[in-house]
Ligand code: HEC
Ligand code: HEC
């Protein structure tokens, strides 16, 4: 009896000792006395960081909110009316998603801006951005642009249009509305002295004035409908590549010979003749439009016949919308 009991105790003791040893060995790993690089550590797993390589939409698929836009068909039209509800929602979404970089006043001076070295966030109140079509801004938010990340995962399609409608309201800021009056009054200080001539004010409303003798085409004619349309610079890029590059070079850099012209080359559009460029996007578009609608023959050497600028509008070689798009593109080349 006593021997069997001591046998049982002995066995229990052995079991206990084995358990202790096993526990001790696991403790060595638990407290990293012996280190093993397990492959399942979170830090080395292929995790998706915020704003890093957002997943592209799978081809042939339509999101449940409906298609955001059709690829290769240019910028989409804004389907959301800019009513008070949309603008209010857009303002709130802007403050959540955009102010970190673009700043509360949208001038591009958010708290993150100082850390962006290569390219600063755009001033969304500037003419360069306000001249973009609604669809172009929508595409920037959806797909990103340069240093700007795509935000299609942060905002639904409807929310993106709300933000676009809000950004449109920023065009009434003093920086853009002040430009036309400032440029039309500053070059002509005489009206204040000779108050008799009241004509300049009425004429400056109907047609932008040729302030500092802007370059004009040799062919006559007024502006086309293009200047009243909203141009889309991204589709303008393609129109430019297909029609204008042979003479004006890629991105309008110029330098291509035009034998017989007094300049010797076709003019660069990037940078463009400074008298054509204008801080007011409407005047800038007007100056470009006259050349593109009616064409122009450059000054020539005696007896020579240089190549002329074709009359894209008058010949219906481009639609008015296409001219508006290419104008938006040329303006984007000359910030
Ligand atoms: C992480 C910073 C960041 C955030 C967040 C951000 N942007 Fe931008 N955005 C930029 C930068 C940088 C640029 C300039 C890009 C360039 O020129 O390469 C830019 C440019 C733009 C442009 C001008 C594009 C053009 O063609 O000139 C628009 C419009 C714009 N952002 C809208 C928005 C909107 C709307 C939001 C919020 C939904 C937003 N951005 C959020 C950094 C940001
Ligand atoms: C066959 C050659 C040719 C093609 C193609 C052409 N241009 Fe021109 N373009 C010219 C010439 C030549 C001038 C200079 C006219 C002058 O000085 O009177 C010019 C001038 C201009 C100007 C005025 C710039 C300046 O400095 O005087 C603009 C704007 C312009 N072209 C836009 C365009 C656009 C946009 C397209 C494409 C839709 C285009 N051009 C296609 C030959 C061409």
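The values are calculated or read from the model by the stated rules, or taken from the named source; none is laboratory data. Bear in mind that the values here come from a model prediction, so they are computed numbers and not experimental data. Because the Cβ atoms are built from the backbone with ideal geometry, glycine has one as well, and the counts that use them run over all protein chains shown.
When you scan region 304-335, how many residues do you find that are farther than 25 Å from residue 257 by Cα and away from ligand 1 (no atom under 16 Å from the Cβ)? Reasoning before the result, please.
Going through region 304-335, the residues farther than 25 Å from residue 257 by Cα turn out to be 314, 316, 319-322, 324-325, 328, 335.
When the remaining residues are screened for being away from ligand 1 (no atom under 16 Å from the Cβ), the result is 314, 316, 319-322, 324.
Residues that pass the stated criteria total 7.
Can you tell me which residues in region 288-302 are more than 9 Å from ligand 2 (Cβ to nearest atom) and in contact (Cβ under 8 Å) with a residue 24 or more places away in the chain?
Within region 288-302, the first condition is being more than 9 Å from ligand 2 (Cβ to nearest atom), and the residues that meet it are 293-294, 300-302.
293, 294, 300, 301 - these are the residues of region 288-302 that are more than 9 Å from ligand 2 (Cβ to nearest atom) and in contact (Cβ under 8 Å) with a residue 24 or more places away in the chain.
Return the pairs, sorted by first residue and then second, in which the second residue is more than 16 Å from ligand 1 (Cβ to nearest atom) and assigned to a strand (DSSP E or B), the first residue lies in region 246-275 and is on the phi > 0 side of the Ramachandran plot, the beta carbons are less than 9 Å apart, and the residues are 6+ apart or on different chains.
As it stands, the answer is 254/265; 255/265; 260/300; 264/257, since those pairs meet every condition given.
Considering only residues that are modelled with pLDDT under 50, exposed (fewer than 11 other Cβ atoms within 10 Å of the Cβ) and under 31 Å from the mean Cα position of the chain (by Cα), which ones fall in region 194-216?
205, 206
Tell me, yes or no, whether region 97-107 has at least one residue that is near ligand 1 (Cβ under 10 Å from one of its atoms), modelled with pLDDT under 90 and not in a loop (DSSP other than H, G, I, E, B).
No - not one qualifying residue is present in region 97-107.
Give me the residue from region 132-148 that is part of a loop (DSSP other than H, G, I, E, B) and closer than 25 Å to residue 88 by Cβ and, out of that set, nearest to ligand 1 (Cβ to nearest atom). Full working, then the answer.
Step one: filter region 132-148 for residues part of a loop (DSSP other than H, G, I, E, B), giving 132-133, 144, 146-147.
If we keep only those that are closer than 25 Å to residue 88 by Cβ as well, we get 132-133.
On the way: 132: 6, 133: 11 Å.
Ranking the candidates gives 132 first.
Are any residues in region 111-131 assigned to a loop (DSSP other than H, G, I, E, B) and free of Cβ contacts under 8 Å to residues at least 12 places away in the same chain, and if so, which ones? Even if it seems obvious, please write down each step before you answer.
Going through region 111-131, the residues assigned to a loop (DSSP other than H, G, I, E, B) turn out to be 111-112, 116-126, 131.
Result: 111, 117.
Which condition number in (1) crowded, with 16+ Cβ neighbours inside 10 Å; (2) closer than 26 Å to residue 234 by Cβ; (3) within 9 Å of ligand 2 (Cβ to nearest atom) is the one that residue 261 fails?
The one condition residue 261 does not meet is (2).
So residue 312 clears everything in (1) over 23 Å from residue 213 (Cα atoms); (2) modelled with pLDDT of 90 or more; (3) buried (at least 20 other Cβ atoms within 10 Å of the Cβ) except one condition, right? Which one?
Answer for residue 312: the failing condition is (2).
Let's see how each residue does on (1) surrounded by 10 or more Cβ atoms within 10 Å (Cβ to Cβ); (2) at pLDDT 85 or above; (3) over 15 Å from residue 139 (Cβ atoms):
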{"position": "18", "(1), (2), (3)": "yes, yes, yes"}
{"position": "23", "(1), (2), (3)": "yes, yes, yes"}
{"position": "29", "(1), (2), (3)": "yes, yes, yes"}
{"position": "37", "(1), (2), (3)": "no, no, yes"}
{"position": "42", "(1), (2), (3)": "no, no, yes"}
{"position": "46", "(1), (2), (3)": "no, no, yes"}
{"position": "56", "(1), (2), (3)": "no, no, no"}
{"position": "63", "(1), (2), (3)": "yes, no, yes"}
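Report the residue count in region 149-165 for those that are more than 8 Å from ligand 1 (Cβ to nearest atom) and either closer than 10 Å to residue 68 by Cβ or not in a loop (DSSP other than H, G, I, E, B) (or both).
Just the residues of region 149-165 that are more than 8 Å from ligand 1 (Cβ to nearest atom), to begin with: 150, 152-153, 156-159, 161-162, 165.
Remaining after also requiring either closer than 10 Å to residue 68 by Cβ or not in a loop (DSSP other than H, G, I, E, B) (or both): 152, 156-159, 161-162, 165.
Of the residues in that region, 8 qualify.
Of these, 305, 324, 285, which one is assigned by TED's automatic domain parsing to the domain that holds residue 240, more than 10 Å from ligand 2 (Cβ to nearest atom), over 19 Å from residue 222 (Cα atoms) and out of contact with any strand residue (DSSP E or B) (no Cβ under 8 Å at 6 or more places or on another chain)? Can you show your working first?
Working: 324 fails: over 19 Å from residue 222 (Cα atoms); 285 fails: over 19 Å from residue 222 (Cα atoms).
Being assigned by TED's automatic domain parsing to the domain that holds residue 240, more than 10 Å from ligand 2 (Cβ to nearest atom), over 19 Å from residue 222 (Cα atoms) and out of contact with any strand residue (DSSP E or B) (no Cβ under 8 Å at 6 or more places or on another chain) holds for just one of 305, 324, 285, which is 305.
Here are some residues: 219, 143. Which one is buried (at least 16 other Cβ atoms within 10 Å of the Cβ), assigned by TED's automatic domain parsing to the domain that holds residue 324 and at pLDDT 50 or above? Break it down stepwise before answering.
On the way: 143 fails: assigned by TED's automatic domain parsing to the domain that holds residue 324.
219 is the lone residue from the list that is buried (at least 16 other Cβ atoms within 10 Å of the Cβ), assigned by TED's automatic domain parsing to the domain that holds residue 324 and at pLDDT 50 or above.
Kindly indicate whether any position in region 67-84 is over 21 Å from residue 136 (Cβ atoms) and at pLDDT 70 or above.
Pass one, region 67-84, residues over 21 Å from residue 136 (Cβ atoms): 83-84.
The next check asks that each one be at pLDDT 70 or above; those that pass are 83-84.
Checking region 67-84: at least one residue is over 21 Å from residue 136 (Cβ atoms) and at pLDDT 70 or above.
If residue 89 passes every condition in (1) surrounded by 14 or more Cβ atoms within 10 Å (Cβ to Cβ); (2) within 21 Å of the chain's Cα centre (by Cα); (3) at pLDDT 85 or above but one, which one does it miss?
All conditions are met except number (2).
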